[in-house]
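Q: Please find one structure pasted underneath; my questions will follow.
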Amino acid sequence: MDKFAPAALAVLCLACSACAQLDGDNYRLPNNSYPVRYDLELTTYVHEDGSARQFRFDGKVKIELVVKDESNSSITVHYRKTTITHVKLWSTLGNGTDLVLLDDNSSFVLDPKREFVTVSPPGVILNGTYFLEFEYYGELREDNAGFYRSSYVDDEGRTRWLATTQFSSTDARHAFPCYDEPGIRAPIGLTVIHGANYTVLSNNLPKDISDGYVLYDEGF
């Protein structure tokens, strides 16, 4: 049986080396905060046939989150191939007023390799409940993942474009900045702004509908 030991040891060493490399790159989010709720607003332009922005989308997401650690310098979430134009971080005091920690277009750092966006206010972030809001835009993908474009040909032979989603397992980050790990889930309130001749479908019942606008109750 000893003759198999070197081979087994080699496999074990390779496995441990791979784990160490992955851990060293630290592709997991820091464990200092977690989301409570998302409020997501998406604007699509797929109805604008031939326009320069037809396959663009605009987004705004407000994340209610809890910081667990006593003292922190930053909050990190996932993003992918979107352009972030504004970020705001605040907490609500006991008297109902907002304490704004940052509200600008520069107090964040992007790490495209790990798909991290790290928000760093001037002061220390104490433990407690906060609200983190991102404004951003992106392009609908072409690979059936994340927030992507698809099409069909109608009865009159015209190509009709639509925007749809596939978030598993780590593709939600393309649609909006979020804690995009399977073990970190929170309810999402969704608003979609769209062409008046389009219909929006989600996995929950709509709460409010008007031409070019639909609001959904929160769901996962």
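Q: Looking at the stretch 139-196, which of its residues are among the aromatic types (Phe, Trp, Tyr), touching a residue at least 40 places away in the same chain (Cβ under 8 Å) and more than 18 Å from His47 (Cβ to Cβ)? Full working, then the answer.
A: Of the stretch 139-196, the ones among the aromatic types (Phe, Trp, Tyr) are 147-148, 152, 161, 167, 176, 179.
Those still in the list that are touching a residue at least 40 places away in the same chain (Cβ under 8 Å) too: 147, 161, 176, 179.
Answer for the stretch 139-196, where residues must be among the aromatic types (Phe, Trp, Tyr), touching a residue at least 40 places away in the same chain (Cβ under 8 Å) and more than 18 Å from His47 (Cβ to Cβ): Phe176, Tyr179.
Q: Working carefully through the options Thr82, Thr76, find the one that is of a type outside the set (A, V, I, L, M), at pLDDT 95 or above and in contact with a Gly (Cβ under 6 Å, 6 or more places away or on another chain). Step through it out loud before you land on a result.
A: On the way: Thr76 fails: in contact with a Gly (Cβ under 6 Å, 6 or more places away or on another chain).
Matching residue, one of Thr82, Thr76: Thr82.
Q: What is the number of the single condition among (1) surrounded by 12 or more Cβ atoms within 10 Å (Cβ to Cβ); (2) modelled with pLDDT of 95 or more that Ala52 does not meet?
A: Failed condition: (1).
Q: So, one more: Looking only at the stretch 134-145, decide whether some residue is in a loop (DSSP other than H, G, I, E, B) and in contact with a Pro (Cβ under 6 Å, 6 or more places away or on another chain). First the steps, then the outcome.
A: Start the filter on the stretch 134-145 by keeping residues that are in a loop (DSSP other than H, G, I, E, B), which leaves 140, 142-145.
Subsequent filtering for residues that are in contact with a Pro (Cβ under 6 Å, 6 or more places away or on another chain) retains none.
Looking for residues that are in a loop (DSSP other than H, G, I, E, B) and in contact with a Pro (Cβ under 6 Å, 6 or more places away or on another chain), one finds none in the stretch 134-145, hence no.
Q: With the structure loaded, tell me whether Tyr148 is at pLDDT 95 or above, more than 22 Å from Phe131 (Cβ to Cβ) and not hydrophobic (A, V, I, L, M, F, W, C) or whether it fails that test. I'd like the intermediate steps shown before the answer.
A: Values: at pLDDT 95 or above: yes; more than 22 Å from Phe131 (Cβ to Cβ): yes; not hydrophobic (A, V, I, L, M, F, W, C): yes.
Taking the combined requirement at face value, the residue satisfies it.
Q: Further, regarding this structure: Check Glu70 against each of (1) under 26 Å from Thr170 (Cβ atoms); (2) surrounded by fewer than 14 Cβ atoms within 10 Å (Cβ to Cβ) and name the one condition it does not meet.
A: If we test Glu70 against (1) under 26 Å from Thr170 (Cβ atoms); (2) surrounded by fewer than 14 Cβ atoms within 10 Å (Cβ to Cβ), just (1) comes out false.
Q: Checking the conditions here, which among Ile209, Ile184 is modelled with pLDDT under 95 and either touching a Pro at 6+ places or on another chain (Cβ under 9 Å) or surrounded by 14 or more Cβ atoms within 10 Å (Cβ to Cβ) (or both)? Even if it seems obvious, please write down each step before you answer.
A: Values: Ile209 fails: either touching a Pro at 6+ places or on another chain (Cβ under 9 Å) or surrounded by 14 or more Cβ atoms within 10 Å (Cβ to Cβ) (or both).
Only one candidate qualifies: Ile184.
Q: Name the residues in the stretch 96-113 that are in a loop (DSSP other than H, G, I, E, B) and surrounded by fewer than 15 Cβ atoms within 10 Å (Cβ to Cβ), would you?
A: Pass one, the stretch 96-113, residues in a loop (DSSP other than H, G, I, E, B): 96-97, 105-107, 112-113.
Those that are in a loop (DSSP other than H, G, I, E, B) and surrounded by fewer than 15 Cβ atoms within 10 Å (Cβ to Cβ): Gly96, Thr97, Asn105, Ser106, Pro112, Lys113.
Q: Right, here's the next one. Condition check: of a type in the set (Val, Ile, Thr), exposed (fewer than 15 other Cβ atoms within 10 Å of the Cβ) and at pLDDT 95 or above. Does Thr118 satisfy that? Break it down stepwise before answering.
A: Working: of a type in the set (Val, Ile, Thr): yes; exposed (fewer than 15 other Cβ atoms within 10 Å of the Cβ): no; at pLDDT 95 or above: yes.
It is false that Thr118 is of a type in the set (Val, Ile, Thr), exposed (fewer than 15 other Cβ atoms within 10 Å of the Cβ) and at pLDDT 95 or above.
Q: Return the residue satisfying two criteria in turn: it lies in the stretch 39-81 and is under 19 Å from Ser150 (Cβ atoms) and β-branched (Val, Ile, Thr), and of such residues it is farthest from the chain's Cα centre (by Cα).
A: Here the answer is Val46.
Q: Pull up the stretch 114-128, narrow it to residues that are in contact (Cβ under 8 Å) with a residue 24 or more places away in the chain and in a loop (DSSP other than H, G, I, E, B), then point me to the one that is farthest from Leu89 (Cα to Cα).
A: Selected residue: Arg114.
Q: Can you tell me which residues in the stretch 73-88 are surrounded by fewer than 18 Cβ atoms within 10 Å (Cβ to Cβ) and at negative phi? Before you say what the answer is, go through the steps one by one.
A: Filtering the stretch 73-88 down to residues surrounded by fewer than 18 Cβ atoms within 10 Å (Cβ to Cβ) leaves 73-74, 81, 83, 85-86.
Answer for the stretch 73-88, where residues must be surrounded by fewer than 18 Cβ atoms within 10 Å (Cβ to Cβ) and at negative phi: Ser73, Ser74, Thr83, Thr85, His86.
Q: Look through the stretch 96-115, keep the residues that are of a type in the set (A, V, I, L, M) and over 12 Å from Glu133 (Cβ atoms), and return whichever of them is modelled with the lowest pLDDT.
A: Our first condition is that a residue be of a type in the set (A, V, I, L, M); within the stretch 96-115, this holds for 99-102, 109-110.
Filter again for over 12 Å from Glu133 (Cβ atoms), leaving 99, 109-110.
On the way: Leu99: 93, Val109: 97, Leu110: 98.
It comes out as Leu99.
The values are calculated or read from the model by the stated rules, or taken from the named source; none is laboratory data. Model, not experiment: these values are computed from the prediction. As a convention, Cβ positions derive from the backbone with ideal geometry for all residues, glycine included, and neighbour counts pool all protein chains shown.
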